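K.L.:
Structure incoming, see below.
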Amino acid sequence: MPKHYRPPGKKKEGNAARYITRSQAVKDLQEIMYSSKTFFLETQRKKVKGNHHTYYHMKDILGLKHDPLLVKFREARTYEKKKKKAMSKKNKDLVERVSTHKPSYTLDRPILERYPTFIDALRDLDDGLTMVHLFAALPAIERENIQVERIHSCRGLSLEWQAYVSRTHKLRKAFISVKGIYYQAEVEGQKITWLTPHALQQVMPQDVDYKIMLTFLELYENLLGFVNFKLYNSINLKYPPILDPRLKASASDLYAFTRYVENVADENEDDEETRACKTLFKDMTFFLSREVPRESLLFVITAFGGVVSWEGDGAPFEESNQSINYQIVDRPSQSHRFISRDYIQPQWVFDCINARIILPTEDYIVGKVLPPHLSPFVDNEAEGHEPEYAETIKRHQAAARKEILPMPGGEQDDLDNAQNLLAEGIIDRTKAKEAAERKRKMAMLQEEYHHELKKELEGTTQHTPATAEEGKKKKKNVDDEETEDDDQNLQQFADDNDNMSKVTMSRKKRRLYEAMKISQERKKASVDTLKTRKKNIQNSKKTSSH
């Protein structure tokens, strides 16, 4: 062969040698791109294969080609070929011998490469939790390769996560939607949001590639397993948890997990919001009727400090227990009732935890049309619209904090400056004085009328001078007493009017008004002090002259 021999074909140069399309990369690797690897799409001015292709850099593909995980995939593909060949020959001994050498692999190394720290894993946990909760609710389908063991694994991982969030009181928000129930927890300072489907029979659409979903699910299962292991060890619990077999047999899995994680959080490490969530349903007992979503309500109520029981096997206490404060019912009417508890619909629980207060139950009683279920994930100020029920909840929150909000429409009566504010106060006091003066005059006229009427009834129109003099003195004493009472009533009336004016003001104007009053009182006090000093000096001069 000549020294400078080249194989036939055109030599690749430039972009053709540096970039490769996705189909070429898959063909070269003999495997689908694994989801744990991240590649950057390359943009180039000149598209070698056209604009409708996705391009990767050749160096990235060469690095992936030597990945140990792909070596395991190739071994697995070889194993499947050998097993299929042995089964086609109907050689049972050969099939058993091949089955004993089935290759296995772990995703520890890819997960460590993708998530170098635990915080990185928590930041990317949203999609993983949603995927695991979805498959935990799906039925096992053999034709789609969705095995029963896979479903049980997903359900176990999801319940482990919920038990940790519930018993450490890390849940922050919950919202019921058509798609399912959205939750948000705050773990290690990271906000994690996920969606759980409703507890209904799931419909499996035919246009979904479940093979790709199972590939992602394999990564998320391992990721959530590592996260749960780390979280359980952080609260000094062994992982995986060992559950009560009696509760597992009665399908009370979440209750079994929450009992395993019960009372493990260190109160000294709780932040202010966690302490608020822990005490929202403190000393409150709930009972769940059979038609309500038991697992969801058990998860939410225990996360906020409540005690829960239900109708069925494995329940902590019966429906007849007298310590029950609330019974959650989702039916048009309730036949038998206990006087010592409230019968409310499930939405009340979710609205309470989002508002962080115990809302009145009048709007949530059984059979009543519910108020709007507002999403806690929507910022009303940013949207530029605040629903009417959101304003009602704000007033309940202010009442719970013993605050006073401005009356509706109070902002429209704002005054532009302090002078107008003072003028309004003077006008209010003037009106108060006029009303008190009118009241005093009416009282005097009424007294005079009764006095004249009494004289006519007695038939006496003449009085002795002594009697007339005594009458004048009595009248003077009465007038003095009435004047003193009227002055007190006038001052009380003015003070009440002043207080009512302050209530209708906005917070800004109320503070300004109070500051002005303090300034006026200080000036008055300083003037009184100067007058007192001047008077003392004059008195001292008179004394010295004598």
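K.L.:
Quote the FRET efficiency, to the nearest 0.05, computed for residue 140 versus residue 394 with a Förster distance R0 of 51 Å and r equal to the Cβ-Cβ distance.
P.N.:
0.60
K.L.:
Can I ask one more? Using a 1.4 angstrom probe with every protein chain in place, what is the largest-first accessible-area order of 209, 253?
P.N.:
I get 209, 253, largest accessible area first.
K.L.:
With a 1.4 Å probe and all protein chains kept in place, how much accessible area does residue 58 have, in Å² rounded to the nearest 10?
P.N.:
Near enough 60 Å² of accessible area.
K.L.:
Pop a pseudo-label 7 angstrom from the Cα along the beta-carbon direction at both residue 211 and residue 188 and give the gap in nm to one decimal.
P.N.:
3.5 nm
K.L.:
Students sometimes get this wrong: rank 177, 309, 104 by accessible area, probe 1.4 Å, all chains present, largest first. Let's see the in-between values first.
P.N.:
Numbers: 177 25, 309 0, 104 85 Å².
From most exposed to least exposed: 104, 177, 309.
K.L.:
With a 1.4 Å probe and all protein chains in place, put 200, 134 in order of accessible area, largest first.
P.N.:
Correct descending sequence by accessible area is 200, 134.
K.L.:
Need one number: nm distance between label points at residue 203 and residue 539, each 7 Å from Cα along Cα→Cβ, rounded to one decimal.
P.N.:
So the label points at residue 203 and residue 539 sit 9.7 nm apart.
K.L.:
Taking 7 Å along the Cα-to-C-beta vector as the label spot, tell me the residue 95-residue 438 distance in nanometres, rounded to one decimal.
P.N.:
For the pair residue 95/residue 438, the computed spacing is 10.6 nm.
K.L.:
Let me ask another. Mind giving me the FRET efficiency for residue 518 and residue 369? R0 is 56 Å, r the Cβ-Cβ distance, nearest 0.05 is fine.
P.N.:
Efficiency for this residue pair is about 0.65.
K.L.:
Something else: Subtract the Cα-Cα distance of residue 449 and residue 238 from 0.36 nm times their separation in residues, and report this length gain in nm to one decimal.
P.N.:
Additional length available on full extension: 66.7 nm.
K.L.:
Just the accessible area for residue 130, please: 1.4 Å probe, Å², rounded to the nearest 10?
P.N.:
Accessible area, nearest 10 Å²: 40 Å².
The values are calculated or read from the model by the stated rules, or taken from the named source; none is laboratory data. Here the structure is a predicted model, which is why all the values come from computation and not from measurement. For neighbour counting, all protein chains shown are included, and Cβ atoms are generated from backbone atoms with ideal geometry for every residue, glycine included. Surface areas here come from the heavy atoms of the whole protein model, side chains and all, with no ligands, DNA or RNA. Shrake-Rupley method; radii C 1.70, N 1.55, O 1.52, S 1.80 Å.
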